[in-house]
Amino acid sequence: KNQVEQSPQSLIILEGKNCTLQCNYTVSPFSNLRWYKQDTGRGPVSLTIMTFSENTKSNGRYTATLDADTKQSSLHITASQLSDSASYICVVRGRGGGNKLTFGTGTQLKVEL
Amino acid sequence: EAQVTQNPRYLITVTGKKLTVTCSQNMNHEYMSWYRQDPGLGLRQIYYSMNVEVTDKGDVPEGYKVSRKEKRNFPLILESPSPNQTSLYFCASSLVGSSSYGEYFGPGTRLTVT
């Protein structure tokens with residue numbers, strides 16, 4: 001069964017600090033992996049998307065890494081801001097089979113002063 | 001502005017009263033999809049559509065219907081809503097044909113069925 005597991009479930013950090021969120025998946029065959037940011041009560045917004053041939057991709061203070069061999073991805077947030085407080089969702093798209101997406105349950109990040 | 005819109009944003013209804021949640025996108029995307037999001041379960045796909053008149057079931061289609069008569073619209077229909085359909089619903093759209101395509105999500109519809 002295709003699964004996406006994220007850790008930690010929740011995280012509290014101080015403003016200005018860095019953090020790393022983890023995503024492990026079992027989806028195979030693999031097409032791409034995306035990280036979304038979801039503010040409370042709002043729709044997810046894409047941060048990065050990576051295909052199997054990409055190891056790292058950055059979007060401002062967000063840097064995602066992908067190891068397709070071990071089926072692991074991470075999202076690193078640098079110099080966190082209060083506005084980074086949100087849920088971060090890892091989503092894996094399988095290859096073929098009608099655009100099948102498998103969603104992680106997210107990591108809830110809170111950035112405090 | 002490129003966007004996915006949903007209406008209504010909030011809805012409280014009673015068991016058995018048919019309702020429709022509309023979804024529209026202005027990006028000429030072929031692919032559209034509906035999700036529900038429940039605490040601790042993450043996003044789960046209800047139905048998706050690869051193009052006009054082409055729809056298919058996702059992971060949790062029971063109790064829902066969809067139609068795709070126009071490229072820009074993808075309404076979600078609950079013929080006889082039940083309390084277990086109380087949830088936060090998201091519509092999404094994307095291009096098809098590239099392994100790197102991604103989805104744009106709407107703002108969400110919070111549905112309560114009493």
Chain B: spread of alpha-carbon positions along the three principal axes, whole Å, largest first, is 41, 30, 27
Using alpha carbon centers only, the stretch B:64-114 is separated from the stretch A:66-108 by a whole-angstrom value of 21 Å
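Distance cut-off 22 Å, Cα to Cα: go down the list A:LYS100/B:LYS17; B:LYS18/B:LYS57; A:LYS71/A:LYS100 and report the pairs above it.
On the way: A:LYS100/B:LYS17 31 Å; B:LYS18/B:LYS57 20 Å; A:LYS71/A:LYS100 17 Å.
Result: A:LYS100/B:LYS17 exceed 22 Å.
Quick one: in chain A, what % of C-alpha pairs are over 21 Å apart? Present the calculation step by step, with values, prior to reporting the outcome.
Numbers: 1983 of 6328 pairs.
Of all Cα-Cα distances in chain A, 31 percent exceed 21 Å.
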Simple spin-label estimate for A:GLN3/B:GLU79, 7 Å along Cα→Cβ, in nm, reads 3.5 nm
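Quick one: putting +1 on the C-beta of Lys and Arg, -1 on the C-beta of Asp and Glu, what dipole do you get for chain A around its Cα centre, in Debye to the nearest 20? Walk me through the numbers on the way to the answer.
Details: 12 positive and 8 negative charges, 72 e Å.
Using Cβ point charges on Lys, Arg, Asp and Glu, chain A gives about 340 debye.
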Mean other chain Cβ within 10 Å across B:39-45 is 5
With +1 on the Cβ of every Lys and Arg and -1 on the Cβ of every Asp and Glu, the dipole magnitude of the protein assembly as shown about its Cα centre, in debye rounded to the nearest 20, is 400 debye
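How big is D for the stretch A:31-81, in µm² s⁻¹ as a whole number, if Stokes-Einstein is applied with the Kirkwood radius of its Cα pairs at 20 °C and 1.002 mPa s? Provide the component values of the computation, followed by the final result.
Details: Rh = 11.6 Å.
Estimated diffusion coefficient is 184 µm²/s.
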Dipole check, chain B, charges on Cβ (K,R +1; D,E -1), about Cα centroid: among B:LEU76, B:THR114, B:SER33 the Cα furthest to the positive pole belongs to B:THR114
Quotient of Cα radius of gyration and Kirkwood radius for the protein assembly as shown, i.e. Rg/Rh, equals 0.97
Exposure-ranked with fewest Cβ neighbours within 10 Å first, A:ASP69, A:ASP84 stand as A:ASP69, A:ASP84
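Any read-out appearing in this document is the output of simple, stated calculations on the displayed coordinates, not a laboratory observation. Everything numeric here is computed off the predicted structure, so don't read it as measured data. Please note: Cβ atoms are built from the backbone with ideal geometry, for glycine as well, and neighbour counts cover all protein chains shown.
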